[in-house]
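Notes to accompany the following structure.
The values are calculated or read from the model by the stated rules, or taken from the named source; none is laboratory data. In this text the structure is predicted, and so the values were computed from the model without any measurement. Cβ: placed from backbone, ideal geometry, glycine included. Neighbour counts: every protein chain shown. Accessible surface areas use protein heavy atoms only, side chains included; no ligands, DNA or RNA. Shrake-Rupley method; radii C 1.70, N 1.55, O 1.52, S 1.80 Å.
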Amino acid sequence: TALTSLKPHILLADDNERNVQVLGTLLRSHGYRLSVAMDGVQAVKLANRVFPDLVLMDINMPVMDGFDACANLKANPQFSLTPVIFLTARQDQEDVVRGFDAGGVDYVGKPYQSKELLKRVETHLTIARMRKTLEERAVTIDRLAREQEAFVRHELHNSIAPLVWMSETLKMNPQENEDERNRLIDRIHRGAEQLQNLLVAIGDLQQLSRGAVSLSLEEVNVETLIREEISQLRSSVDKSLKFEVRVQTESASIQADRALLTGVFRNLIKNAFEHVADLHPSKRHLSVAIRSEEHTSEL
């Protein structure tokens, strides 16, 4: 069975065998997986082995009570999002405050009402899943932001550095022959266009990351799209440049936003053209391979 299909795992900590039997039967009958500890120390040790999705913790237990066991668990960052529900007949204000201070999220009074207990378990499992998802998304957003910043620095450097070099060459060699001057001016012009396109692409990427742009997904044949871009760009490059597209997958079609994907490939292909433009004609060769990995087609 896939791990994602497993029912939530609950750790029940209670030294009363009758309570364990009743609660265990109830929870298992609703599909929950169950581990049982008979005191606080055992509960902490067991939690570090099974990593439960939720803990039902009795307060009055030998060796270590429920408050200390909960605090011990919450001292471990791995259990920061694990909900702990206290099971107790004591619900005075002092106990409630102490339980929340220890890291608990709720109380269920004894004797238990089955529907109430199950509902609270379900509610706190749902909240925990949502919090975990939000934290994972926050981590992903932070990583993407760092990667985007690195990408922008790299691409801007690669676009600006040749422009600086070529402009300095023109400045330092005012007597350069006309053909060479025109070649450098043409390259500066194309580099400036490339930089302008890059800035537009960065703006689109930032809007997309903020959710300001909605994707319009459709089936796009990557091979067809790439060949169309090559066809449009070939008129502006040396005819000696050889370009090869190799399809190494049964299907080169993916679900994507055609406009955004076209912009991505256009920039990639133009960058490739720029990098081989000054090579010897015999070495002006570009190759694109489209292959399938984990059910996705990629360039």
(request) Go through segment 23-47 residue by residue and tally those that are farther than 17 Å from residue 61 by Cβ, touching a residue at least 12 places away in the same chain (Cβ under 8 Å) and part of a helix (DSSP H, G or I). (result) 2
(request) Answer yes if at least one residue in segment 15-26 is open to solvent by less than 60 Å² (accessible area, probe 1.4 Å), farther than 30 Å from residue 135 by Cα, touching a Ser or Thr at 6+ places or on another chain (Cβ under 7 Å) and of a type outside the set (Phe, Trp, Tyr), and no otherwise. (result) yes
(request) Out of 146, 131, 153, report the one residue that is part of a helix (DSSP H, G or I), basic (Lys, Arg), closer than 26 Å to residue 10 by Cβ and open to solvent by 70 Å² or more (accessible area, probe 1.4 Å). (result) 131
(request) For residues that are of a type in the set (A, V, I, L, M, F, W, C), in a helix (DSSP H, G or I) and at pLDDT 90 or above, tally how many sit in segment 100-127. (result) 6
(request) Go through 52, 83, 8 for me and flag whichever is closer than 22 Å to residue 131 by Cβ, surrounded by fewer than 21 Cβ atoms within 10 Å (Cβ to Cβ) and not acidic (Asp, Glu). (result) 8
(message) Out of the residues in segment 90-108 meeting the condition of being among the hydrophobic types (A, V, I, L, M, F, W, C) and open to solvent by less than 80 Å² (accessible area, probe 1.4 Å), tell me which one is nearest to residue 128 (Cα to Cα).
(response) 105
